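Notes follow once the structure below has been shown.
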Amino acid sequence: MYAIFRTPHGRPGQNTGPFGQGQLQCEACHGPGDDHAGRVRRGQERPPVPHFASSGTGSAEAGNAQCLACHGSDVGFGWHDAAHNFEDLACVDCHRLHDPFDPVRQADSQADVCYECHQPTRTEMHKAFAHPVVEDKMACTSCHSPHGDVVGSELVRATVNETCDQCHAEKRGPYLWEHAPVAEDCTTCHSPHGSNQPAMLTQRAPVLCQSCHSQTGHPSVAMDTGGLASGTPSRFLLGESCLNCHSQVHGSNHPSGSKLMR
Amino acid sequence: MTTHFQGRLISSCTAAILVIGGAAAAHAQSVDTSEWVCELCPFDGGYDGDVAAGATGASDDSAYFGDATGYDESGAYGNLDSRGTLSSDAYYLRWDAVDLLLDSRSARVDGGQGRFGYHASYNALPRREYFTTETVFASSDSLLSLPSDWIAAPQTSGFSMLASSLAGIAIEGDRTDLRAGVRYALTPRIVASVDFRRHENEGTRTLGGSSYTTASLLPAPYDYTTDEIELRVAYQGESARVALDWFLSDLSSASSALAWQDPFVVPAGAEMPALAQAPDSRYQQLTLSGGVNMPLFRTSVSASASIGEITQDTPFLAYTTNTTIAADPLPRPNLDGSVDVTHLALSVSSRPLPKANVRLLYRSDERDNTSARATWQRVIVDAFPSGDNELNTPYSYQQQLLSAEAGYRLFSSLKLLGGVSRRETDRDFQEVAEQTQDTGWLGFRWRPWDWLSLDGRGGAEKRDVGRYDETVATSLGQNPLLRKYNLAYRYREFARFTAGITPVDWPITVALNGLYADDSYTESRLGVTEGKETRFTADLNWTISETVSWYVDIGIDTMESRQVGSESFGDPDWSADVEDDFATVGTGIRIRQIADKADLRIDYRESDSASETRIDSLAGGADTFPEFETRQDALHVGVDYRWSERLLLEFGLTWQMFEADDWMLDGVGPATIPSVLSLGATPYDDEQVLFGIGFRYDLAATAAGE
């Protein structure tokens, strides 16, 4: 309990904080504590504080209101529209307010907090090709906005592509020759939580490419095992498959790049 | 720890420091707290935290395990971490430094005093892909050159100088992320903030360089830097909130082109082809958002409007590097590219009944590509003019979403949920100009007993297209029967469930989770026709005693799809069935306070994947590819031994292996494919043991004045 005095919440000189001059101290968050702190008869169970106690009487909504009263302008700005709010989650379902290093705000422990409800995502993250969440180098909040946002994307930016572009800005173009699905939604071809396929692709080439390309000639040909290294090694199948030649799948800025080869 | 996480994390931390005096102040107004003294509160300042140092030995080189971690080569590594807080009456500072002596180092600091808050962080992320690759190219700036004695040939089998010219090259890169920001509360209700971020991404990647009938996999250098600035002013009132954001993202690339000497025999003048690297670009965005809370039905209404523009005017390369081709002048020197990005949103959340809550959302996202259009005369792979006039197609789209969700608590233990949504997408220059996606679902949350929770949802979704314009498809050379994966009609049924079992008197918790989705593309004669996905997870945690706990978790994913093609450019004559299976099992035990001195943790995880592709064609019959399989095992044992109150000795042992059977790489050396000079990457077969020893010194006692 006393660990809170090693957090920003526990500084007495922070006038607007719970322990600041003239503030309500513990009751600022936990609510009126007269009953909890008062004398109890022998055998009588001590009444809990109204908020943030395992047996408290306050609802998740009431408890959240305590937090939002001070944090409304930042992390709580989009809370009213958040999926987590609609699902009746309380702030303390994820946060440990008395811990100076709240696990959900640490890269090496955040995902485990999220996995308590999002177990299928944990499975994906252990696939062979995934963003480095298992290695503690990214966290769920690298991309997701658990406190919600006004636009309802639950992402740190408005759309999937704008979120991906934060680290992959070289893909955003605009290019002279665009690849239409790239401009619209990265997840058409990529599984950002993890995939069995390299580059987190939803499938591997050439089948992935052939789900949208049927031009006469090699795009429409059924590639079979005869093209493997043990047969007649095929440039349409091995190495980088389609990307051996069409390497600019995210777009080309070359005047001769309409086929995404330049 | 990388990039986004640190930044957002620190923003949150800084926000936490900047308490704006809402509820507490409001309560305080009605209670006389002037005489309140918290006699038991340990307000003492000073610093608290720890510093850890040690060394880790890695048994083997490994690109797979070195990726993101920095343990990429065999040998010894130093470890240095520190975490702590420094505080006075009002001042607060928190630091966290991890892996400072590794390529994956990260450090952050955040703090504040009164109205002022700040944060800064640095994160490095090593990306390691292949160490088994070889190349004949030497890289210099934006040019990949061949050995001076290289003798070109029509096929790889004719490369007489190949063996003597190959040299190892790692396909790897490094990302670094630097952030800094300050926040200041102008008034108790108005907060202004400035955040800066520099993201650098440098390395070597595999890039195909085509010569039309031949190709070379190039070890292509890249060097991108993205600078971001975000300014924000936010007001939080009793019942209203509003914020104004300006965001700038500026991407610069060290080079806009990559040229290489072609190792194959090519037409005269095409010996030095070139391709374009990603162009520099700039994205600016202005966002105004706000909301108001109304007492009527405890309603919150929020809205957001955002306008932005992406621009790029990187000078074009010439049509060709081939001086023997008399290409026309370019119609314009650069794209003068401009994409207008607009987001609008209106959201209403309300509790119209004590037991009911609803959420309504409308949003519109538009990407309007207003880049200049022109007619271009392509020179195919710097070898010969195509003879075609081609008009660039700046793709635009607008997507609108209208959704409604509602929940009603029928009993104290049962809540019913439901939702509907419609998503409309309009596109330019594509086969489908108008697309709708209607979704409906019903669900429940049931807590029949304190120890059991059950959640379930199920629904259906129909993605419809107004018209699949086959004339557009034909103009792109597509088979008119094809329905592109993301543009096709699709009907989806889905369901998911979650069960949580937490017996009150038993030290066990169990969680089960399942998901099912079935897609039918009934209007696609060519293309993807079916898809199915199932997922299942199970978690068990057992607190065996006060000091011993054990867990096991299982995850299983299966994805199946079927697509149909036509080699004859007519009716369907082949099909491909793809099945992706994945399973992971993790288990571990924690034993604390062994002889009041030591904590032990053991974790083991095995993850296996198998991807199978079956082809059935009229021409070739049934054919099944070898499975693309991966297997990963990891065992970690850690022991923390408390030597004294302030000193903790730490020991760690990790064994990990990752192996893959990959037919795309198996047996494919640099010259295996007659028409492709590859980098000869081999499937992963990595095994590594890490042994670490170190100590962690607690600074708290020092802070107390010892």
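Read-outs: derived from the displayed coordinates by stated rules, not from any lab. As the structure is a computational prediction, the values presented were derived from the model and not from experiment. For neighbour counting, all protein chains shown are included, and Cβ atoms are generated from backbone atoms with ideal geometry for every residue, glycine included.
Through the Karplus equation 6.51 cos²θ - 1.76 cosθ + 1.60, θ set to phi - 60°, convert the phi angles of the range B:36-53 into ³J(HN,Hα) values in whole Hz; use x for Gly and Pro.
6, 9, 8, 6, 8, 7, x, 7, 3, x, x, 10, 8, x, 8, 10, 10, 9
Between A:Ala158 and residues 5 or more places away or on another chain, which pairs have amide H atoms under 5 Å apart, with H built 1.01 Å from N, and which residues are they?
For A:Ala158, no residues qualify.
Taking chain A as a Gaussian network, Cα atoms linked when under 10 Å apart, which of A:Ala90, A:Ala37, A:Ala65 shows the biggest mean-square fluctuation?
For chain A, modelled as a Gaussian network with Cα springs under 10 Å, the answer is A:Ala37.
May I ask you to list the aspartates and glutamates whose Cα is less than 16 Å away from that of B:Lys415, ignoring any residue fewer than eight positions away on the same chain?
In chain and number order, the partners are A:Glu61, A:Glu87, A:Asp88, B:Glu405, B:Asp450, B:Asp455.
Quick one: what do you get for the range A:2-101 if you divide its Cα Rg by 2.2 N^0.38 Å?
Computed over Cα atoms of the range A:2-101, the ratio equals 1.17.
In the protein assembly as shown, if every C-alpha pair distance is counted and binned at 10 Å from zero, what percent goes to each bin?
With 10 Å bins starting at 0, P(r) equals 2, 10, 19, 24, 22, 13, 7, 3, 1, 0, 0.
Counting only helical runs of four or more DSSP H residues, what would the 222 nm mean residue ellipticity of the protein assembly as shown come to if each run contributes -39,500 (n - 2.57) and the total is spread over all its residues?
The helix contribution divided over the protein assembly as shown gives -2500 deg cm²/dmol.
Lysines within cross-link reach of A:Lys127: Cα-Cα under 22 Å, excluding same-chain residues under 8 positions apart?
A:Lys127 reaches A:Lys137, B:Lys532.
Treating the angle as unsigned and between 0 and 90°, give the value, to the nearest 10°, between the Cα long axis of helix A:60-71 and the longest Cα principal axis of chain A.
Tilt relative to chain A: about 90 degrees.
In Å and on Cα atoms, what radius of gyration and Dmax does the range A:8-56 show?
Rg, Dmax (Cα atoms, Å): 13.1, 40.
Can you give me the relative contact order of chain B as a percent, contacts being Cα pairs under 8 Å and 6 or more apart?
Result for chain B is 9 percent.
Pick from A:Gln21, A:Gln66, A:Gln44: which residue has the top mean-square fluctuation in a GNM of chain A where Cα pairs under 10 Å get a spring?
A:Gln44
Could you tell me which of A:Gly231, A:His190, A:Ser220 has its Cα farthest along the dipole of the range A:170-244 towards the positive end, charges placed at Cβ (Lys, Arg +1; Asp, Glu -1), taken about the Cα centre?
Of the candidates, A:Gly231 comes out farthest on the positive side.
Viscosity 0.692 mPa s, temperature 37 °C: what is the translational diffusion coefficient of chain B from Stokes-Einstein with a Kirkwood Rh over Cα pairs, rounded to a whole number of µm²/s?
106 µm²/s
Let me know the mean shielding of A:152-162 by other chains, meaning the per-residue number of their Cβ atoms within 10 Å of its Cβ.
5
Return B:Asp50, B:Asp223 ranked ascending by Cβ neighbour count within 10 Å, so the fewest neighbours appear first.
With the sparsest Cβ surroundings first, the list reads B:Asp223, B:Asp50.
Hey, what's the Cα Rg ratio for the range B:475-584 versus the globular rule of thumb, 2.2 N^0.38 Å?
1.65
Go through B:684-691, B:258-265 and give me the packing order, highest mean Cβ count within 10 Å leading.
By packing density, highest mean first, the sequence is B:258-265, B:684-691.
Would you kindly calculate the mean projected area, averaged across all directions, of the convex hull enclosing the Cα atoms of the range B:103-254, in square nanometres?
Averaged projected area of the range B:103-254's Cα convex hull equals 13.4 nm².
Could you run the Karplus curve 6.51 cos²θ - 1.76 cosθ + 1.60 with θ = phi - 60° over the range B:350-365 and give me ³J(HN,Hα) per residue in whole Hz, x for Gly and Pro?
Using θ = phi - 60°, the values come out as 8, 10, x, 10, x, 9, 10, 9, 9, 9, 10, 9, 10, 9, 9, 10 Hz.
Taking each residue of B:662-675 in turn, how many C-beta atoms of other protein chains fall within 10 Å of its C-beta, and what is the average?
5
Can you tell me the orientation of helix B:3-17 relative to chain B, as the angle in degrees between its alpha-carbon axis and the longest Cα principal axis, to the nearest 10?
Roughly 20 degrees, rounded to the nearest 10.
Enumerate by residue number the trypsin sites (Lys or Arg not before Pro) in the range B:418-517 meeting two conditions: DSSP loop (anything except H, G, I, E, B), and at most 15 other Cβ atoms within 10 Å of the site's Cβ.
B:Arg467
Can you sort A:Cys245, A:Cys167, A:Cys117 so the residue with the fewest Cβ neighbours within 10 Å comes first?
Result, fewest neighbours first: A:Cys117, A:Cys167, A:Cys245.
Place a point 7 Å from the Cα of B:Ala619 along the Cα-to-Cβ direction; which residues of the range B:672-700 have their backbone N under 16 Å from it?
none
Between B:Asp685 and A:Asp93, what FRET efficiency follows from the Cβ-Cβ distance if R0 is 45 Å, with the result rounded to 0.05?
According to the calculation, E is roughly 0.55.
Can you sort B:Trp36, B:Trp449 from fewest to most other Cβ atoms within 10 Å of each residue's own Cβ?
If I rank by nearby Cβ atoms, fewest first, I get B:Trp449, B:Trp36.
Residue by residue through the range B:296-307, what is 3J(HN,Hα) from phi via Karplus (6.51 cos²θ - 1.76 cosθ + 1.60, θ = phi - 60°)? Round to whole Hz and write x for glycine and proline.
With the stated coefficients, the range B:296-307 comes to 4, 6, 6, 9, 10, 10, 10, 8, 8, 9, 9, 10 Hz.
Looking only at other chains, what is the average number of their beta-carbon atoms within 10 angstrom of each beta-carbon in A:80-91?
That works out to 5 on average.
Ratio of Rg to Rh for the range A:170-244, alpha carbon only, Kirkwood?
1.01
Give the aspartates and glutamates whose C-alpha is closer than 16 Å to that of A:Lys259, dropping any in the same chain fewer than 8 places away, or say none.
A:Glu178, B:Asp382, B:Asp388, B:Glu390
Mean shadow of chain A, computed from the convex hull of its alpha carbons, in nm²?
Taking a quarter of the hull surface, the average projection is 20.3 nm².
For the range B:241-387, what does the alpha-carbon gyration tensor say about shape, rounded, prolate or oblate, given a ≥ b ≥ c as the root eigenvalues, a/c under 1.5 as rounded, and a/b over b/c as prolate?
prolate
Quick check: convex hull over the Cα atoms of the range B:555-706, volume per residue in Å³, rounded to an integer?
It is 194 Å³ per residue.
How compact is the range B:312-438 by the rule of thumb for globular proteins, expressed as Cα Rg over 2.2 N^0.38 Å?
So the Cα radius of gyration is 1.80 times the expected 2.2 N^0.38 Å.
To the nearest whole percent, what portion of all C-alpha pairs in the range B:80-180 is separated by more than 18 angstrom?
Tail fraction, whole percent: 67.
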